[in-house]
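Here's the structure we're looking at; comments come further down.
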Amino acid sequence: MGFDSWDEIRTAFQVARVGTVSGAAEVLGVHHATVIRHVDALEDKLGAKLFQRHPRGYTPTEAGQQLLSVGQATEDQFAQLSARIAGAGEEVSGELIVTSLTSVSVLVLPAMERLLGEYPGLRLSYLTDHRVFRLENGEAHVAIRAGNRPTEPDNVVQSLGSMQNALYASHAYVERYGVPRSKEELAQHRFVSIDNRESRAPFYRWLSENVPDEQVVFRANDHEAQVAAIKEGLGVGFLTVPMGRGDPKLEEIVKPYDTWNTDLWLVTHVDLHRTPKVQAAVKAIKEQAARSEGLVAH
C-alpha cells in the first residue's frame, strides 16, 4: 500500500474509534457511502476483515484492533508534529487516555477534574483493568502502575510514592463482630479479599500468610465489588487509606503498616512524553499525589 491508501486507513481508524459508519462520516465530514467504500477497499488490499458488521455498528476484529492501536499512535505523533510546525505548543486539546487500577481512582479523578476544568478542549478516557495497556501501541497516553518499577523500553517512568493500605470495616460489621484487639483475634474475623490467591500485592500476601482461608468469606475479581462488600458489612478488607478514611461509613480496623504499602509509578511513552496534553496530565497527577493523604514519598 502507498500514499493512495492513507485516506482509507484514516477512514477505517475513525470507524474503529467511533464504532459506527455514520459517526465516522460525521467526524470526517464525508458521506457514509464514502466510509463504507474506503473500509471495503482497505479490507480488500489487506486481505483481512477489519470489522464485524452488526445492526448496532462495526466492532473491530483482531486486525481492526491493531489498526486502532497504530492509528491512535500515528494520530498523536501527527498532532505533535503539527503543534511544532504551527507553533501551538501550549495548546492542550483532543483525546487523553489515562489508565490505572480502579483502586487508584481516588488519585486520578481529582487530578482529571481540575485538568478538564482548565482545558475545555480536552476529552478524557479513563481505562481501569488488571491487564497492562501498552503505551507503545497507543492504547494509553499516561499510565499509573502499581508494584515493581516498570521496565518496558522507551517509557519514561517517574515515582509517585507509596500508597498506604489499611484494614477497614463498616460500622454494621463492627457492631456485630467487634474490633480485634490482637493479631490472633484479627485472624478469626471475617474477611473480604481478591479472587486471585496468587496476587503479588503485599497486603494480599500478608492476608494469605496470616488469616485462615476459611475466614475469607467473600472473594471478587472486581475491586468495586470488594469495596461494596466491605461497606455492606460482609467482612473486613483492605482499602487504600484515602478511600477508607474518606468514607464515613467505614472504620479503620488496623492502621497502615509500611509492609502493606504499594509503590506507584507514573509512566508515559518517550515519543509523546513532551506533548502538551501529556505534560499537562503528568503535572496534574503529580500535584494531586503531593497533596493526597495516604501517599508517602519514596
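The values are calculated or read from the model by the stated rules, or taken from the named source; none is laboratory data. Everything quoted here is computed from the prediction, not taken from an experiment. Neighbour counts are summed over all protein chains in view; Cβ atoms, including those assigned to glycine, are modelled from backbone coordinates with ideal geometry. Side chains are part of the model used for accessible areas, which takes the heavy atoms of the whole protein and leaves out ligands, DNA and RNA. Shrake-Rupley method; radii C 1.70, N 1.55, O 1.52, S 1.80 Å.
Can you go through R190, R181 and tell me which one is in contact with a Gly (Cβ under 6 Å, 6 or more places away or on another chain) and open to solvent by 80 Å² or more (accessible area, probe 1.4 Å)?
R190
Taking V217, is it among the β-branched types (V, I, T), buried (at least 18 other Cβ atoms within 10 Å of the Cβ), farther than 23 Å from F133 by Cβ and over 21 Å from the mean Cα position of the chain (by Cα)?
In short, no.
Go through region 253-274 and count every residue that is closer than 30 Å to A73 by Cα and part of a loop (DSSP other than H, G, I, E, B).
So the count comes out to 5.
If you scan region 224-243, which residues turn out to be part of a helix (DSSP H, G or I), of a type outside the set (A, V, I, L, M, F, W, C), open to solvent by less than 40 Å² (accessible area, probe 1.4 Å) and in contact (Cβ under 8 Å) with a residue 40 or more places away in the chain?
Answer for region 224-243, where residues must be part of a helix (DSSP H, G or I), of a type outside the set (A, V, I, L, M, F, W, C), open to solvent by less than 40 Å² (accessible area, probe 1.4 Å) and in contact (Cβ under 8 Å) with a residue 40 or more places away in the chain: just P242.
Tell me, which residue of region 24-42 that is in contact (Cβ under 8 Å) with a residue 12 or more places away in the chain and of a type outside the set (A, V, I, L, M) is surrounded by the fewest Cβ atoms within 10 Å (Cβ to Cβ)?
Within region 24-42, the match that is surrounded by the fewest Cβ atoms within 10 Å (Cβ to Cβ) is T34.
So Q188 clears everything in (1) more than 30 Å from V267 (Cβ to Cβ); (2) within 19 Å of the chain's Cα centre (by Cα); (3) among the polar types (S, T, N, Q) except one condition, right? Which one?
For Q188, the failing item is (2).
Take V157 and decide whether it is open to solvent by 20 Å² or more (accessible area, probe 1.4 Å), under 20 Å from the mean Cα position of the chain (by Cα) and not assigned by the TED database to the domain that holds A229.
yes
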